[in-house]
1. From the helices alone, meaning DSSP H stretches of at least four residues, give me the mean residue ellipticity at 222 nm for the chain, per-run term -39500 (n - 2.57), in deg cm²/dmol to the nearest 500.
2. What is the magnitude of the charge dipole of the range 18-120 about its Cα centre, with +1 placed on the Cβ of each Lys and Arg, -1 on the Cβ of each Asp and Glu, and no other charges, expressed in debye to the nearest 20?
3. Given an 8 Å cut-off on Cα distances and at least 6 residues of separation, report the relative contact order of the range 48-178 as a percent.
4. In Å², what does the accessible area per residue of the range 78-165 work out to with a 1.4 Å probe?
5. Would you kindly find the accessible area of D160, with a 1.4 Å probe and non-protein molecules such as ligands, DNA and RNA excluded, rounding to the nearest 10 Å²?
6. Dimensions of the chain along principal axes (Cα, Å, largest first)?
7. Compare K46, K123 by solvent-accessible area with a 1.4 Å probe and give them largest first, with all protein chains kept in place.
8. Connecting C-alpha atoms closer than 10 Å in a GNM of the chain, tell me which of L117, L24, L15 has the biggest fluctuation.
Amino acid sequence: MTRRRKIYEGKAKILYEGPEPGTLIQYFKDDATAFNAQKRGTISGKGVINNRVSEHVFTRLAHIGIPTHFIRRLNMREQLVRQVDIIPIEVVVRNVAAGSISTRLGIEEGTPLPHTLLEYYYKDDALGDPLIAEEHIACFNWASHEEMQDISAMAIRINDFLCGMFAAVGIRLVDFKLEFGRLWEGEFARIILADEISPDGCRLWDIETGEKLDKDRFRRDLGGETEAYQEVARRLGLMPEEGEGAVLDLVSHRLRKGR
Ligand code: UDP
């Protein structure tokens, strides 16, 4: 078997060279990190769930006209994506105060924000991904003014869509992180959504109970990470329902036995 060329290994994913030029294979690991990789661990089965959840979300976003890097899922842990130049900015969209905004500004966790807030962080592990202003993005030429207009407009549309999608399954979308890339088409580049959208990069709270169904279970040592990720996938209709699996097992057992 020929070994695939590894292009990049991040904290939760590996990128391999894709089968055609301009494509990559995105492999989802079970590894989890928090607090700029000071805390490390694994969440069993996370990669499989995130691959599936991200496929679902990116496919639905494509249906509403958001251009994304996603091409198709290849197997349990891998998806084929378009190769892009990643813009070195993490876009955080917030609907409710939690995490760093609560600690930085002293706003109680769970306080709904009067309107959706967009924040930008400079993607640099050595610097701990510092919070930046749009002025820094322009000053250091990380993205043009036009590109930032596309990015912010897409982030707001994505938030509107995802708030509805999660609310429909009893989940409150508190905040989440997006990454964008430049897709080159000849001389021109356009901005498309890249990376992943999964419980690793979102805060998802049960609407009724406030239970956390995301990576905060790992960050804050709450336990039950795998079950929480599974619950998100189950509510989105991505897991075989209890009973359905059992019925399928019974059917395949009977088929094997010729009954
Ligand atoms: N986030 C992420 N990667 C990062 C930083 C943040 O996916 O490197 C996500 C995080 O999961 C949360 C949102 O962005 O849903 C806002 O994170 P916050 O700024 O509150 O930082 P944290 O509390 O996660 O350190």
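The values are calculated or read from the model by the stated rules, or taken from the named source; none is laboratory data. Treat the numbers as computed from the prediction; the structure is a model and nothing was measured. Please note: Cβ atoms are built from the backbone with ideal geometry, for glycine as well, and neighbour counts cover all protein chains shown. Calculation scope for accessible area: heavy atoms of the full protein, side chains included, ligands and nucleic acids excluded. Shrake-Rupley method; radii C 1.70, N 1.55, O 1.52, S 1.80 Å.
1. Rounded to the nearest 500, it is -9500 deg cm²/dmol.
2. On the way: 12 positive and 10 negative charges, 54 e Å.
For this selection, approximately 260 debye.
3. Working: 155 pairs, mean separation 30.5, N = 131.
Rounded, it is 23 percent for the range 48-178.
4. Details: 4440 Å² over 88 residues.
Dividing the accessible area of the range 78-165 by its residue count gives 50 Å².
5. 100
6. In descending order, the Cα extents are 70, 47, 36 Å.
7. K123, K46
8. Highest fluctuation among the options: L117.
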